[in-house]
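*Asks:* Right, I'll just put the structure down here and ask away after.
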Amino acid sequence: MLKSTRNLRTLLARSVAVAAVAAASVVAAPAVGSASTSAEITAADINPAIEFTTVSDSELAVLGAGDGTPAGAVQWFKNHMGSTGWQGYCEKAVENAYGTTGVWASANAHWNGASPKHTDGSRPPLGAFVYWNISAYGHVGIADGNGGIYATSIGGKIGHASSVNYFKNYRGWTPAAVPHR
């Protein structure tokens, strides 16, 4: 009983710490175009009294899921910059960024099922889904709100591009929302 109570407290402390770090990174994130710092905010910076151990990848995947907001989806991508784990899984990445998974089978299925579609060249707002017709499955990313995108397959990993035209065959965008059918 004592061990399971301690494990629950440790898991709760980790959840609170991850949430605090995520919130602090949103507040402390440099403005677009400003110089970034090399210092990282850690959970110990937020609450040094909490004892921390290494969090497993499976635990981190659950704790790092998006919070269902456009800003949270963008932050999810920022938190995963450089990861190659979502190569070939762009739809899963954008769904995970919104805190869900398994809604659409592919980016093409998402494009076909989502609405309203904006193909008029207007700039996608923060967190909007941005689509390209580049393969049998298509490709999808998340808009940064400034004309750029976060997506998988940018230099072989999750990255940021300053234009929706980074990939060929731009289709358009659909509004930011937790994916559902």
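*Asks:* Just to confirm a number: summing +1 for Lys and Arg and -1 for Asp and Glu over residues other than ILE149 whose beta-carbon lies under 15 angstrom from that of ILE149, what do you get?
*Replies:* +3
*Asks:* Want the number for ALA109 to HIS180: 0.36 nm per residue separation, take away the alpha-carbon distance, what's left? If you can, show how the numbers build up before the last one.
*Replies:* Numbers: separation 71, 0.36 × 71 = 25.56 nm, distance 1.17 nm.
Once the chain is fully extended between ALA109 and HIS180, it gains 24.4 nm.
*Asks:* Another question, if that's okay. Using mean Cβ contacts within 10 Å as the protection proxy, how do 141-149, 166-174, 77-85 order, highest first?
*Replies:* On the way: 141-149: 21.9, 166-174: 18.4, 77-85: 15.6.
Top to bottom by mean Cβ count within 10 Å: 141-149, 166-174, 77-85.
*Asks:* Pairs LYS92/LYS157; LYS78/LYS117; LYS78/LYS168: which are spaced more than 21 Å apart, C-alpha to C-alpha?
*Replies:* Values: LYS92/LYS157 14 Å; LYS78/LYS117 25 Å; LYS78/LYS168 23 Å.
Violating the 21 Å limit, Cα to Cα: LYS78/LYS117; LYS78/LYS168.
*Asks:* With labels modelled as points extended 7 Å from the Cα through the Cβ direction, what inter-label distance (nm, one decimal) is found for ARG123 paired with ASP67?
*Replies:* 2.5 nm
Rule-based calculations on the coordinates, nothing more; no lab input. Model, not experiment: these values are computed from the prediction. Backbone-built Cβ (ideal geometry, glycine too); neighbour counts: all protein chains shown.
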